[in-house]
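The values are calculated or read from the model by the stated rules, or taken from the named source; none is laboratory data. Computed from a predicted structure; not experimentally measured. Methodologically, a virtual Cβ is constructed for each residue, glycine included, from the backbone with ideal geometry; neighbour enumeration extends over all protein chains shown.
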């Protein structure tokens, strides 16, 4: 007779097995996103810690989805920050090299700041779907699988994000 433990993912052996099964795959996925092994390792550990902290409210069949959602959101936030920093540094060096008019450079900088603020002002759900689609190039069905939502929900989030961005920035394309 087997003894079924209702502890689910909170049961230490179950969690250890889940960790052994998914840690390397998640770490590799994040390494692809970050390009930095240490950051991928840190986010992987943080995602498993968050899963452990929330294990009572996460059913075992949703644990993988929860883990990837947490890790993906953390990686998106990190990537968005890195892109802002890179774009800022790139624009500073390009502005020095190009013979663009100072008015154009100023207008471009103002637009970038406006765009970054508008993206930051989106809801987390909209921002995540929007960045996965527009920055990462993910298709709607891929985003739906990653976030464990329907394709219609992805469409709604991205269209909502675009509407909000258009409101914030005139002539946004």
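Of everything in the stretch 22-35, what is over 16 Å from the mean Cα position of the chain (by Cα) and surrounded by 14 or more Cβ atoms within 10 Å (Cβ to Cβ)? Give them in sequence order.
22, 23
Condition check: part of a helix (DSSP H, G or I) and either more than 21 Å from residue 157 (Cβ to Cβ) or outside the structural domain of residue 18 (by TED's automatic domain parsing) (or both). Does residue 109 satisfy that?
Yes.
Considering only residues that are closer than 18 Å to residue 50 by Cα and either at pLDDT below 90 or under 28 Å from the mean Cα position of the chain (by Cα) (or both), which ones fall in the stretch 1-21?
7, 8, 9, 10, 14, 15, 16, 17, 18, 19, 20, 21
So which residues in the stretch 47-62 are in a helix (DSSP H, G or I), closer than 17 Å to residue 149 by Cβ and touching a helix residue (DSSP H, G or I) at 6+ places or on another chain (Cβ under 8 Å)?
none
Being part of a helix (DSSP H, G or I) and in contact (Cβ under 8 Å) with a residue 40 or more places away in the chain narrows it down to one of 128, 44, so name that one.
128
Out of curiosity, is residue 46 modelled with pLDDT of 90 or more, assigned by TED's automatic domain parsing to the domain that holds residue 64 and surrounded by 15 or more Cβ atoms within 10 Å (Cβ to Cβ)?
Against the criterion (modelled with pLDDT of 90 or more, assigned by TED's automatic domain parsing to the domain that holds residue 64 and surrounded by 15 or more Cβ atoms within 10 Å (Cβ to Cβ)), residue 46 does not qualify.
Taking the residues in the stretch 86-123 that are in contact with a helix residue (DSSP H, G or I) (Cβ under 7 Å, 6 or more places away or on another chain) and under 19 Å from residue 75 (Cβ atoms) as candidates, determine which candidate is modelled with the highest pLDDT.
Residue satisfying both the conditions and the ranking: 122.
Please work out which one of (1) in contact (Cβ under 8 Å) with a residue 40 or more places away in the chain; (2) loosely packed, with under 14 Cβ neighbours inside 10 Å; (3) more than 15 Å from residue 73 (Cβ to Cβ) is the condition residue 135 fails and give its number.
Answer for residue 135: the failing condition is (3).
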